[in-house]
1. Please go through the range 176-196 and pick out each residue that is of a type in the set (A, V, I, L, M, F, W, C), open to solvent by less than 20 Å² (accessible area, probe 1.4 Å) and assigned to a strand (DSSP E or B).
2. Residues of the range 250-269 being closer than 13 Å to Phe59 by Cα, in a loop (DSSP other than H, G, I, E, B) and touching a residue at least 12 places away in the same chain (Cβ under 8 Å), which ones?
3. Checking Val167 against (1) open to solvent by less than 20 Å² (accessible area, probe 1.4 Å); (2) under 27 Å from Gly71 (Cβ atoms), which single condition isn't satisfied?
4. Within the range 235-274, restricting attention to residues that are of a type in the set (A, V, I, L, M, F, W, C) and open to solvent by 10 Å² or more (accessible area, probe 1.4 Å), which residue is nearest to Ala202 (Cα to Cα)?
5. So the check is Cβ under 6 Å with 6+ separation or different chains; which pairs have a first residue in the range 77-102 that's more than 17 Å from Ala191 (Cβ to Cβ) and a second one that's of a type in the set (Gly, Ala, Ser) and crowded, with 24+ Cβ neighbours inside 10 Å?
6. Please state which one of Ser224, Ser219 is under 17 Å from the mean Cα position of the chain (by Cα) and closer than 15 Å to Phe267 by Cβ.
7. Within the range 6-46, work out how many residues are of a type in the set (Phe, Trp, Tyr) and more than 15 Å from Leu82 (Cβ to Cβ).
8. Please note which helices (runs of 4 or more DSSP H) are completely contained in the range 1-117 and include at least 1 residues that are away from the ligand (no atom under 14 Å from the Cβ) and either open to solvent by 20 Å² or more (accessible area, probe 1.4 Å) or modelled with pLDDT of 95 or more (or both).
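The values are calculated or read from the model by the stated rules, or taken from the named source; none is laboratory data. Since the structure is predicted, the reported quantities are computational estimates derived from the model, not experimental observations. All Cβ positions, even for glycine, are placed from backbone atoms using ideal geometry, and neighbour counts span all protein chains on display. Ligands, DNA and RNA are stripped out before the accessible areas are found, and what is left, the full protein with its side chains, is counted by its heavy atoms. Shrake-Rupley method; radii C 1.70, N 1.55, O 1.52, S 1.80 Å.
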Amino acid sequence: MSDQEFRSRAIDAGRPSAARMYHYYLSGEAVFEVDKAFGEKIFRTFPYADVWARHNRGFLQRATRFMVAQGIRQFLDIGSGLPTVGNTHEVARETAPESRVVYVDNDLEAVTRAQDLLEGQHALDTTAVVEADLRCPDLILEHAETRRLLDFDAPIGLLLVSVWPFVPDSDRPYELMAQLRDRLPAGSYVAMSHASLSEASAEVKDRILALTELYKQTSDPAISRSRDEFAAFFDGFELVEPGLVHAPDWRPTEPVDSQDPARPCNFAAVGYKP
Ligand SMILES: C[S@@+](CC[C@H](N)C(=O)[O-])C[C@H]1O[C@@H](n2cnc3c(N)ncnc32)[C@H](O)[C@@H]1O
């Protein structure tokens, strides 16, 4: 998609979106009636959706805290979703109140809610939300709000957490990632996670395949990728310890349940740009 082709997507109360469904898994709140009905179908197909979402969100928060500990004070969070408890700017500000964050999403409900939250918190001097598509990196990087808040001469923390599943190979995700990487200053970090079925049990694999079929009914069909396919997004980055692992295993702060069926369904890693 070229920058010129980007069009704001109207909120569609008749069809679920990835952002609203993820919000439903995390919070139990259905924005529209259709989200509740679809969510119930999802839980029958993949009863671990809420656990999976919490693992994913937990990784985002731990990765953000890690970056803050490395001295990162500015974040670009692409595919940020509907705001929930523990958003990136809130997590970063636990220890670095001067942190600046630009949120980006192509879902208007996510953008509107984030804008309302930031306005309500009187946080718009140091945070912003941009309605844009990951498939238009220049639009994101050159956006006036991105330029207002992020200094591209200092390291940036880039978050692409559970957003690549919505970018099929036909949209050349690795080229998009290379464009983002090339624009990041040396010393920057990227945190990414990606749904995967390759290391799940046979029963869970079948469930994920059925889930992928269901997602074709949403505005954001999703795919999973293998460990190697996910690793390829980190081309040009050095993986920080513990490397590429299942999301709950990335620097956990609580004991990890090795029998948890949702555990192998999401890869996660943080890369450093030397
Ligand atoms: C599963 S949610 C993840 C939210 C958040 N990053 C997290 O991990 O907690 C995926 C988000 O990516 C957004 N998204 C999907 N495709 C996108 C695209 N092409 N450009 C920008 N955002 C996108 C969705 O609207 C949704 O809010």
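1. Val190, Ala191, Met192
2. Trp250, Arg251, Pro252, Thr253
3. In the conditions (1) open to solvent by less than 20 Å² (accessible area, probe 1.4 Å); (2) under 27 Å from Gly71 (Cβ atoms), Val167 misses (2) alone.
4. Ranking the candidates gives Val245 first.
5. What qualifies is Leu82/Ala19; Leu82/Ala110; Pro83/Ala114.
6. It is Ser224.
7. 4
8. Where helices (runs of 4 or more DSSP H) fall fully within the range 1-117 and carry at least 1 residues being away from the ligand (no atom under 14 Å from the Cβ) and either open to solvent by 20 Å² or more (accessible area, probe 1.4 Å) or modelled with pLDDT of 95 or more (or both), they are 33-45, 49-69, 88-93.
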